[in-house]
Amino acid sequence: MEKSNLKYLVMLCACIIIFCTGEAMSQIKIGYVDSEIILKQLPEAQQVQKELEGLQKLYLDTIQSKENEIKAKAETFKSKYDEAQKKVETGEVKSESELKVLQDEIGALQQELQNLDEGLTLYKQNTQNSLLLRQQELFKPVKDKITKTIEEIAKSLKINFVFDKADGTLLFGDKEYDITFKVLDKLK
């Protein structure tokens, strides 16, 4: 949070310094919005948030199920391993072939456990990526609507720049004050 406040302060100071020259100060109007408040109160954003929470719950339930399966397999592996170790210690396993069968059985259980764990890790990564993509997809129309509304209001109120209080980003900037290409020309 401290970093975003610093970013906001730097952006604000830069704007003030840039526009504090001569008569430009009297012509420049700066506004801000708090996107967090907008998103909390906008019905479309609330609906998107509910959908994402439902999807996240579904994924978390699946992850919990897979973790329970791994835990059960781990307990089975431990008991089979302990049982095999006792058989070897008590001399129940007498031949190399019996020992080999026991080792193969334990090895297969261990491999299955490892595969389940790797599958769960991969599922978690895919789930996280899927949730992020779905969030971007669902929020895009909401953000586009907010941005369009900010631009319309800024133009109607003759505001030249609108910042987001939540993270200090520039949401609207009057193209008249865009000096990007002047800077590029000067740098060349």
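Enclosing the Cα atoms of region 97-188 in their convex hull gives a volume equal to 182 cubic angstrom per residue. Calculated mean residue ellipticity at 222 nm for the chain: -27500 deg cm²/dmol, from DSSP H runs with n ≥ 4 weighted as -39500 (n - 2.57), summed, divided by the residue count and rounded to 500.
For region 122-173, the ratio of Cα radius of gyration to the globular rule of thumb 2.2 N^0.38 Å stands at 1.58.
Taking every alpha-carbon pair in the chain and binning the separations at 10 Å intervals from zero gives 7, 20, 19, 14, 12, 10, 8, 6, 3, 1 percent.
Work out, step by step, the length gained on full extension between Glu51 and Thr76: first 0.36 nm times the residue separation, then minus their alpha carbon distance; give nm to one decimal.
Here the segment from Glu51 to Thr76 would lengthen by 5.2 nm.
On the principal axes of its alpha carbon atoms, region 55-150 extends 81, 18, 12 Å, with the longest extent given first. A simple count of charges around Leu120, restricted to other residues whose Cβ falls under 12 Å of its Cβ and scoring Lys, Arg +1 and Asp, Glu -1, yields 0.
In the frame of its principal axes, region 36-82 has Cα extents of 59, 15, 6 Å, reported largest first.
Anything over 31 Å Cα to Cα? Flag those among Lys140/Lys175; Lys158/Lys188; Lys29/Lys143; Lys50/Lys78, in the order listed.
Lys158/Lys188; Lys50/Lys78
Mind checking which helices in the chain clear 18 Å along their axis (Cα) and have mean Kyte-Doolittle hydropathy of -1.0 or more, DSSP H runs only? Within the chain the helices that satisfy the rule are 2-19, 96-156. Around the amide H of Leu171, modelled in the peptide plane, lie the amide H atoms of Val162, Phe163, Asp164, all under 5 Å away and 5 or more residues distant in sequence or on another chain.
The numbers here are math on the coordinates, done by the rules we state, and not lab data. Just so it is clear, the model here is predicted, and its values are computed rather than measured. Don't worry about glycine lacking a Cβ; one is built from the backbone with ideal geometry, like all the others, and counts go over all protein chains shown.
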